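Here the structure comes first, spelled out in structure tokens, and everything after it is commentary.
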Amino acid sequence: MKRLLVILCGLWAAAVFLSDAARAEKRVALVIGNSDYGAEMGKLPNPANDATLMAKTLKQVGFDVISVTNADQGKMKQAIKEFGRKLIAAGTQSTGLFFYAGHGVQVDGENYLIPVRAAIEQENDVDVEAIPASMVLKQMDFSGSSVNIVILDACRNNPLARSMRSATRGLAEIKERPTGSFIAYSTAPGQTAVDGKGKNSPYTEALAAALVMPGAGIEEVFRTVRGKVLKETDEKQVPWD
């Protein structure tokens with residue numbers, strides 16, 4: 001019963017994370033956008049731009065933002081470490097938010113975020129060269145922050161499918177997560193998202209607009225995002241949370 005109450009309190013806090021009452025609480029965000037991959041994976045048109053847009057938007061709604069673009073493994077790990085320390089300093093009533101745009105793959109049900117300059121030639125290179133999404137979740141869990149929001153705009157086609165025996169479309173559902181968590185994908189688990197025709201991906205563009213809606217709760221924000229992305233992609237991409 002105690003654990004249920006903690007979960008319900010965390011989710012209630014998430015539901016009002018953009019309200020005026022919640023603005024007094026400390027908010028820390030980590031935003032990563034990787035576009036400039038090597039010759040093996042090519043260049044993605046949107047993620048670095050998406051990270052820039054999200055960092056600007058999150059600052060606007062009261063987050064202390066750590067933002068990195070085109071990060072290699074070392075730079076990503078350093079940013080994750082800084083994120084964890086800032087969350088601990090913010091206290092247990094804080095909100096933590098992680099946004100990632102770029103290439104991501106799943107191997108044996110684990111999601112990995114791919115740094116730029118990753119030297120992945122075969123499947124067993126992934127856990128050496130890439131960053132498991134669980135690394136960020138562990139930082140959130142250890143900090144004890146009451147609200148934890150994870151947003152993954154990383155469900156593009158697997159660029160390494162030919163070299164992976166267990167290649168799977170999109171990302172896997174994250175089942176083990178911190179208390180009070182809300183996890184959002186740009187498309188449903190196992191599916192792929194599309195790159196935008198313009199500067200930003202359809203998902204991030206919709207999310208940035210929805211986040212600044214006055215008094216919006218988290219469910220309303222992502223319901224709005226889902227509707228806009230469905231319309232923009234002719235219902236080919238269905239955001240999921």
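The values are calculated or read from the model by the stated rules, or taken from the named source; none is laboratory data. Remember, it's a predicted structure, so these values are computed and weren't measured experimentally. Virtual Cβ from ideal backbone geometry, glycine too; neighbours counted across all protein chains shown. With ligands, DNA and RNA removed, areas are computed over all heavy atoms of the protein, side chains included. Shrake-Rupley method; radii C 1.70, N 1.55, O 1.52, S 1.80 Å.
Between D234 and K175, the C-beta separation translates, for a Förster distance of 22 Å, into a calculated FRET efficiency of about 0.10.
The string of couplings for the range 135-145 from the Karplus curve (6.51, -1.76, 1.60, θ = phi - 60°) is 4, 5, 4, 5, 5, 5, 4, 5, 5, x, 4 Hz, one whole number per residue in order, with x for Gly and Pro. For the range 97-114, the Karplus equation 6.51 cos²θ - 1.76 cosθ + 1.60, evaluated at θ = phi - 60°, returns couplings of 9, 10, 10, 10, 10, x, 6, x, 9, 10, 10, 6, x, 9, 8, 10, 9, 9 Hz by residue, with Gly and Pro reported as x. Residues in the range 202-208 carry Karplus couplings, in order, of x, 5, 5, 4, 5, 5, 4 Hz; the curve used is 6.51 cos²θ - 1.76 cosθ + 1.60 with θ = phi - 60°, and Gly or Pro positions show x. Under 5 Å between amide hydrogens, built in the peptide plane, is the criterion, and for A184 it picks out V150, I151, L152 among residues at least 5 positions away or on other chains.
Only protein heavy atoms count here; on that basis, with a 1.4 Å probe, T57 has an accessible area of about 10 Å².
Around V65, under 15 Å between beta carbons, what's the net of Lys plus Arg minus Asp minus Glu among the other residues? List each step's numbers first, then the result.
Working: positive: K26, R27, K56, K59, R85, K86; negative: D50, D64, E82.
Residues near V65 contribute +3 overall.
Extension gain for the segment K59 to R117, taken as residue separation times 0.36 nm less the Cα-Cα distance, is 18.0 nm to one decimal. When the solvent-accessible area of the range 88-129 is split by element, carbon and sulfur atoms take up 42 percent of it, the probe being 1.4 Å.
Taking GluC sites (Glu not before Pro) across the range 51-138, the ones in a DSSP loop with at most 12 further Cβ atoms lying within 10 angstrom of their Cβ are E121.
Express the accessible area of the range 44-148 per residue in Å², computed with a 1.4 Å probe while the remaining protein chains stay in the model. Don't jump to the answer; show the numbers that get you there.
On the way: 4280 Å² over 105 residues.
The answer is 41 Å² per residue.
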